[in-house]
Amino acid sequence: MNTNCLMPVTARPDTVFVRGEGSYLFDQQNRRYLDWVQGWAVNCLGHSPGVVVHALNEQAAKLINPGPAFYNEPAIELATLLTSNSCFDHVFFGSSGAEANEGAIKLARKWGQKHKGGAFEIITFVDGFHGRTLATMSASGKAGWDTVFAPQVAGFPKAILNDMDSVKALINPNTVAIMLELIQGEAGVIPASQEFIQMLRALCDEHGLLLIVDEVQTGCGRTGTLFAYEKYAIEPDIMTLGKGLGGGVPISALLAKKSCSCFDYGDQGGTFCGTPLVAAVGVAVIKTLLADGFLQGSRQVAAQLAAGLLEISQEYALGKVRGSGALLALELGRNIGPEIIARSREIGLLLNAPRPHCLRFMPALNITPVEVNEGLKLLRQVLKEFQ
Ligand code: PLP
């Protein structure tokens, strides 16, 4: 196959995937791969799960897109499901995590104009990741992103995760919000501490700032609860979702409390915002996550994976195992991540290394104990070669 017509934006292996089934992907030669990347934590129910296929088929035959200026049933149902299972009141749907985060940034700036004398600065974090639009790249704290498409969008001073003094030092009359991932995924699965998040909430209350959590990666069951903020025993003002929300199809969401849901007509929108096709899938995914025992089962199998990684770390004298639920990382102690990924792929295991010194594990939330054991065995096989 000639791949020359695709814009070369990333290095890709030669493998071409043609089919997916649960935890497995199949290439053109019908080789099977156990997939612990799942589209970067997107396919929360695995590849082509029945509920998603059914929702797509049924909705496609009924109504795909009446246009964003009309109501449609699946979008209303999904917004109702999300608000009744969270602390938020209003939902705006987009197609990608970056789009949801752009919406969150716009909403905070609008709120600053209306209620905080034009304050517009949003404190974000070193090593944070919020997407690839100009504003979300500026909000991100990835090394090198401050110059790659200079000039950046202004107004995103960077603090350090779990360091309250670094946040306090940035607060000034222009500050309107603090925005962060509760677990920094791209940085290598670095969790914010409970104490830090609770202090951030208190700091926001003290200074009249909005607390925005980017749950594009941590939301929708990934960390073992429907949303990661639940575990921190706080209520954010704004939350964004993406990835798992569509179980593989592109839908994201910006959720806000009524107190800060202050867009005027025309401030926010988009051609593909909340089409019934993708919203019907979102409904199917969220209902599956909320079904009796689903998240509990997912927590159990994720704990099995974490325990297995810990054993492996001890066996091979590697570093820490971090994370929560089915978002885990294993520190390798040296920069061999890319080689491990390449070798694992050769023997049928798909892995991800957000940093060269660590591996990240993002299996389907409904991965089975047998599949976990199979992956751990393959991982051991590869690590043995790197000893
Ligand atoms: N926010 C977080 C925390 C993410 O992990 C990502 C993607 O990895 C994004 C935002 C961007 O989402 P998308 O790639 O759908 O625009």
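The values are calculated or read from the model by the stated rules, or taken from the named source; none is laboratory data. Computed from a prediction, not measured in an experiment: that's the story for all the values here. Every residue, glycine among them, receives a Cβ derived from its backbone with ideal geometry; neighbour counts consider all protein chains shown. Only protein heavy atoms, including side chains, enter the accessible area calculation; ligands, DNA and RNA are left aside. Shrake-Rupley method; radii C 1.70, N 1.55, O 1.52, S 1.80 Å.
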Residue in region 61-75 that is assigned to a helix (DSSP H, G or I), without any contact (Cβ under 8 Å) to a residue 40 or more places away in the chain, closer than 22 Å to Gly266 by Cα and among the hydroxyl-bearing types (Ser, Thr, Tyr) present: no
All conditions in (1) away from the ligand (no atom under 16 Å from the Cβ); (2) open to solvent by 80 Å² or more (accessible area, probe 1.4 Å) are true of Arg132 except (1)
Here are Val9, Val52, Val18: which of them is β-branched (Val, Ile, Thr) and crowded, with 21+ Cβ neighbours inside 10 Å? Val52
Boolean, Gly155 is at pLDDT 95 or above, more than 14 Å from the ligand (Cβ to nearest atom), out of contact with any Leu (no Cβ under 6 Å at 6 or more places or on another chain) and open to solvent by less than 20 Å² (accessible area, probe 1.4 Å): yes
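Residues are listed down the side, and each one gets a yes or a no for (1) of a type in the set (Val, Ile, Thr); (2) buried (at least 19 other Cβ atoms within 10 Å of the Cβ); (3) within 22 Å of the chain's Cα centre (by Cα):
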site: Ser344; (1), (2), (3): no, yes, no
site: Gly348; (1), (2), (3): no, no, no
site: His357; (1), (2), (3): no, no, yes
site: Ala364; (1), (2), (3): no, yes, yes
site: Asn373; (1), (2), (3): no, no, no
site: Gln381; (1), (2), (3): no, no, no
Kindly provide the set of residues from region 185-220 that are surrounded by fewer than 24 Cβ atoms within 10 Å (Cβ to Cβ) and polar (S, T, N, Q), ordered by number. Ser193, Gln194, Gln198
Pull up region 98-119, narrow it to residues that are closer than 22 Å to Leu180 by Cβ and surrounded by fewer than 18 Cβ atoms within 10 Å (Cβ to Cβ), then point me to the one that is farthest from the ligand (Cβ to nearest atom). His115
Please determine whether any residue of region 85-97 is open to solvent by 40 Å² or more (accessible area, probe 1.4 Å), under 25 Å from Lys168 (Cβ atoms) and not in a helix (DSSP H, G or I). no
Among Ala154, Ala150, the single one that is in contact with a Ser or Thr (Cβ under 8 Å, 6 or more places away or on another chain), of a type in the set (Gly, Ala, Ser) and without any contact (Cβ under 8 Å) to a residue 24 or more places away in the chain is Ala154
Per the filter on region 31-85, residues of a type in the set (Gly, Ala, Ser) and either out of contact with any Ser or Thr (no Cβ under 8 Å at 6 or more places or on another chain) or farther than 15 Å from Gly247 by Cα (or both) are Gly39, Ala41, Ser48, Gly50, Ala55, Ala60, Ala61, Gly67, Ala69, Ala75, Ala79, Ser84
Scanning region 44-60 for residues that are free of Cβ contacts under 8 Å to residues at least 24 places away in the same chain and either in a loop (DSSP other than H, G, I, E, B) or not polar (S, T, N, Q) (or both) gives Gly50, Val53
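Mind listing whichever residues of region 158-184 are among the hydrophobic types (A, V, I, L, M, F, W, C), more than 16 Å from the ligand (Cβ to nearest atom) and either within 18 Å of Thr223 (Cα to Cα) or open to solvent by 10 Å² or more (accessible area, probe 1.4 Å) (or both)? Step through it out loud before you land on a result.
Going through region 158-184, the residues among the hydrophobic types (A, V, I, L, M, F, W, C) turn out to be 159-161, 164, 167, 169-171, 176-180, 182-183.
The next check asks that each one be more than 16 Å from the ligand (Cβ to nearest atom); those that pass are 159-160, 164, 167, 169-171, 176.
Passing the criteria: Ile160, Met164, Ala169, Leu170, Ile171.
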Residues of region 281-338 being part of a loop (DSSP other than H, G, I, E, B) and either over 24 Å from the mean Cα position of the chain (by Cα) or over 19 Å from Leu245 (Cα atoms) (or both), in sequence order, are Tyr316, Ala317, Leu318, Gly319, Lys320, Leu332, Gly333, Arg334, Asn335, Ile336
